[in-house]
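A short write-up of the structure that comes next.
The values are calculated or read from the model by the stated rules, or taken from the named source; none is laboratory data. Remember, it's a predicted structure, so these values are computed and weren't measured experimentally. Cβ placement follows ideal geometry from the backbone for every residue including glycine, while neighbour counts extend to all protein chains displayed.
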Amino acid sequence: MSATHDIALKPVEVGLTAAIVAVEAEEPRILVAADPASETRAGLPFGPFDPLSHRTFEIGLRAWVAAQTALDVGYVEQLYTFGDRGRHARAGDTDPHMISVGYLALTRVSGKAAALRAAGAAFEPWYRFFPWEDWRDGSPDILGTIVPLLEHWAKSGRDDPARPLSRRDRLRFCFAVGGLPWDEEKVLDRYELLYEAGLVEEARRDGRDAGVARAKIPALGEPMRFDHRRILATAIARLRAKLKYRPVVFELMPPEFTLTELQRTVEAISGRHLHKQNFRRLVEAAALVEPTGESSTATGGRPAALFRFRREAMQERPAPGLRFGGRN
């Protein structure tokens, strides 16, 4: 008998997980679904892929989202395939190994709250799960807790020879230590560093050695079910990067909006403060919007001109986006 036949085949299931993003009241929000197992941790909408019912992964994902949240999502793109066993299995779990295909979806909250509540779902601020990612008002206070813990971890263990960067260098680049600029796109890198150092609840839950050794460390952000916070970190990083080269922000905007509303939405997603005049020059140079000829008095002050997305920009150049910088 060949060596292949001597290996016991392990069952594998494919799961579909959705990070569904909206912006409301100048806050980025993520859709959290009710847990069929009544687990207390927040989680993203997810369910198994059924090849008999779902012709494609995306069809399966949309079906699960509709069933768990009563929401029909619009823009959807595949993120990544997540396959680490420990991150989905519970202690002593002998069920099939779950491979999770993560998706990013964008939608608008308006008019959907009642249906979501009826389905036991809700949009929650994503900075509840990643409080160190919101730099709109400067460096978050929680970094005063995180950085010393990571510095202790970096000094107390050996570097992995398989990694091109040392623990210290990874800390510097991810968390802007030593005067380096903050890179808002390194959301997943930062979460992975915290996980490896055992500083997030998921590491302790998964039985990682570092997490067991640091069991008394206070919670850093709200944990999520399974590997859902890792999937959410991937989604935030993807969306922040994509703002700069694709007009995805308009999937989160109403059909008509003011430039201030557009700026606040970009700031909410990126976690950065943007200079008003610089942002407006950037929008003008990108030629992504056009005036409607109408004005809004919703702010109570001077009427503000209303704009809409200029769809012709998609045909005019291959990467129409907002290549913004920031003060962080």
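Quick notes
- Looking only at residues in the stretch 51-83 that are part of a helix (DSSP H, G or I) and among the β-branched types (V, I, T), the one that is surrounded by the most Cβ atoms within 10 Å (Cβ to Cβ) is V65.
- Looking only at the stretch 191-213, residues that are crowded, with 16+ Cβ neighbours inside 10 Å and touching a residue at least 60 places away in the same chain (Cβ under 8 Å) come to 4 in all.
- Within the stretch 75-92, the set of residues being at pLDDT 65 or above and farther than 12 Å from Y103 by Cα comprises G83, D84.
- Verdict on R172 being in a helix (DSSP H, G or I) and within 22 Å of I236 (Cα to Cα): yes
- Flag if R170 is surrounded by 14 or more Cβ atoms within 10 Å (Cβ to Cβ) and of a type outside the set (A, V, I, L, M): yes
- Of the helices (runs of 4 or more DSSP H) lying entirely inside the stretch 195-307, not one contains at least 3 residues that are small (G, A, S) and closer than 22 Å to S110 by Cα.
- Of residues in the stretch 204-237 being among the aliphatic types (A, V, I, L, M) and at pLDDT below 90, the one nearest to P131 (Cα to Cα): A219
- Within the stretch 181-194, if we keep just the residues that are outside any helix (DSSP H, G or I) and charged (D, E, K, R), the residue that is farthest from L143 (Cα to Cα) turns out to be E185.
- Scanning the stretch 152-167 for residues that are over 16 Å from G211 (Cβ atoms) and surrounded by fewer than 16 Cβ atoms within 10 Å (Cβ to Cβ) gives K155, R158, D159, D160, P161, A162, R163, P164, L165, S166.
- For the stretch 130-146, the count of residues that are under 28 Å from H275 (Cα atoms), aliphatic (A, V, I, L, M), in contact with an Asp or Glu (Cβ under 7 Å, 6 or more places away or on another chain) and touching a residue at least 40 places away in the same chain (Cβ under 8 Å) is zero.
- Residues within the stretch 173-189 that are closer than 17 Å to Y127 by Cα, buried (at least 19 other Cβ atoms within 10 Å of the Cβ) and without any contact (Cβ under 8 Å) to a residue 60 or more places away in the chain, tallied: 4
- Tally, over the stretch 120-138, of residues that are under 18 Å from P223 (Cβ atoms), in a strand (DSSP E or B) and in contact with a helix residue (DSSP H, G or I) (Cβ under 8 Å, 6 or more places away or on another chain): 1
- Among the residues of the stretch 277-317, those identified as of a type in the set (D, E, K, R), at pLDDT 90 or above and closer than 14 Å to P255 by Cβ are E290, E294, R308, R310.
- When A118 is tested against (1) surrounded by 12 or more Cβ atoms within 10 Å (Cβ to Cβ); (2) at pLDDT 70 or above; (3) of a type outside the set (S, T, Y), exactly one condition is not met: (1).
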